[in-house]
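The values are calculated or read from the model by the stated rules, or taken from the named source; none is laboratory data. Worth saying up front: this structure is predicted, and the values here are computed from it rather than measured. Cβ: placed from backbone, ideal geometry, glycine included. Neighbour counts: every protein chain shown.
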Amino acid sequence: MKKVFPYPVLSEPVVLTVDEVIVGTEARKLITINDREQVIALHDVKATWDEIRIRVSVTADASELTEGLWRSPGCIAVVRNAKTKIRHTFRLRPEGVGRWRGDVYLRRGEQLDHCEIDAWIVAEVGGEASRKIGAADARWRADFEAKMPTKQRSISMVWKDFTDDANPEFADFRDDPWLLDAQVDEPVLYLNSSVEGLRAVLEGSSTAEQKLVREILASQIASEAWSAMFNSALYACDVEDGQAQWPGGWHEDVLKRMLPDLFTDRSPSDALTELVERRTEGENGGDLQRRLMHAVSLQSRKPKTVASTLKTLGRIANTKESV
């Protein structure tokens, strides 16, 4: 659900676009920018830059702005960095009704890992100036670690003997076949090498039956990993000025990948607001867990795996009967 304001706000989308990235006096290649995922990859400049200028444009519905119960609408770009705790605003210049353009500046001493770029529409409402009446449907991420402008990441998988005294951190989980560590900068999936046959099935399946077991196991591992990452990401979300904030890093990547499957009728930002409100209001979670099971099934490709496995089992059974 959308955040409720005690005054009228925009209902139509607000679109934030990155038009150009300038490091020093040099414009970067367009390959740096990914419009679909709203990411700017800045890894190749992180050792040489002092200031980065990002040229942005914002559009909102012109008729809604003209007919709304507010005066003097304007637009500001907002830069936040969760690790350095900075927030800066940059007023954009109008270029007609519902269109703004301007520059956002990132300064080296203020940025670490990545920052988030948002756009707010502000106006005078009820005699009070600079009230927020809208925000970008999708915020941008300027990532100083990304070599390519994409949010897709893979999970590291490491084999460990959970029963080995050299790995005391696994002592309480010695019989578990796998375990996800979601408390680190990047999630790590640990596979228990002491479980007899697990490594052989996952890495060396040769017969049709072994391959079926491998596919089912892999799907189950993926399901549990996605569930654990989602829950960790949910509790990494903060609320600032009454608005849910994207947590950054892999937590944000997980949420933006899964939320469209949890709340199909909402924008990512509205879905995040809905999710955090459900967490803070202490609902029993039944509906959310059903939605999460569905989203996890899609991410782990479980429906396809189950259907394919059942078909293969049927073919194997028919083959044996005909012999």
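Taking the numbered list (1) part of a helix (DSSP H, G or I); (2) closer than 24 Å to D113 by Cβ in turn, R199 passes all entries but (2).
Could we say that W140 is crowded, with 17+ Cβ neighbours inside 10 Å, hydrophobic (A, V, I, L, M, F, W, C), at pLDDT 90 or above and out of contact with any helix residue (DSSP H, G or I) (no Cβ under 8 Å at 6 or more places or on another chain) here? Against the criterion (crowded, with 17+ Cβ neighbours inside 10 Å, hydrophobic (A, V, I, L, M, F, W, C), at pLDDT 90 or above and out of contact with any helix residue (DSSP H, G or I) (no Cβ under 8 Å at 6 or more places or on another chain)), W140 qualifies. In a residue-by-residue description of the range 74-87, the property of being among the hydroxyl-bearing types (S, T, Y) and on the phi > 0 side of the Ramachandran plot applies to no position.
Among the residues making up the range 61-87, those that are modelled with pLDDT under 95 and either among the small types (G, A, S) or within 12 Å of I117 (Cβ to Cβ) (or both) are A62, S63, G68, S72, R80, N81, A82, R87. For the range 173-187, the count of residues that are buried (at least 17 other Cβ atoms within 10 Å of the Cβ) and at pLDDT below 90 is at least one. Just to verify a result, which residue in the range 143-169, among those that are polar (S, T, N, Q) and at pLDDT below 75, is farthest from I117 (Cα to Cα)? Restricting to residues being polar (S, T, N, Q) and at pLDDT below 75, the top hit is S154. Among the residues making up the range 45-77, those that are in contact with a Lys or Arg (Cβ under 7 Å, 6 or more places away or on another chain) and not in a strand (DSSP E or B) are W49, D50.
Looking only at residues in the range 8-34 that are in a loop (DSSP other than H, G, I, E, B) and modelled with pLDDT of 80 or more, the one that is surrounded by the fewest Cβ atoms within 10 Å (Cβ to Cβ) is S11.
So, in the range 46-73, of the ones that are without any contact (Cβ under 8 Å) to a residue 40 or more places away in the chain and among the β-branched types (V, I, T), which residue ends up farthest from R108 (Cα to Cα)? First the steps, then the outcome.
Our first condition is that a residue be without any contact (Cβ under 8 Å) to a residue 40 or more places away in the chain; within the range 46-73, this holds for 47-48, 62-63, 66-67.
Next, only the ones that are among the β-branched types (V, I, T) stay: 48, 66.
Details: T48: 10, T66: 39 Å.
Once the filter is applied, the top-ranked residue is T66.
Taking each residue of the range 146-168 that is under 30 Å from A41 (Cα atoms) and among the basic types (K, R) and looking for partners that are modelled with pLDDT under 95 and assigned to a loop (DSSP other than H, G, I, E, B) with beta-carbon atoms closer than 9 Å, six or more apart or interchain, yields K151/E37; K151/Q38; R153/E186; R153/P187.
The requirement of being in a helix (DSSP H, G or I), over 14 Å from the mean Cα position of the chain (by Cα) and at pLDDT below 85 is not satisfied by E224.
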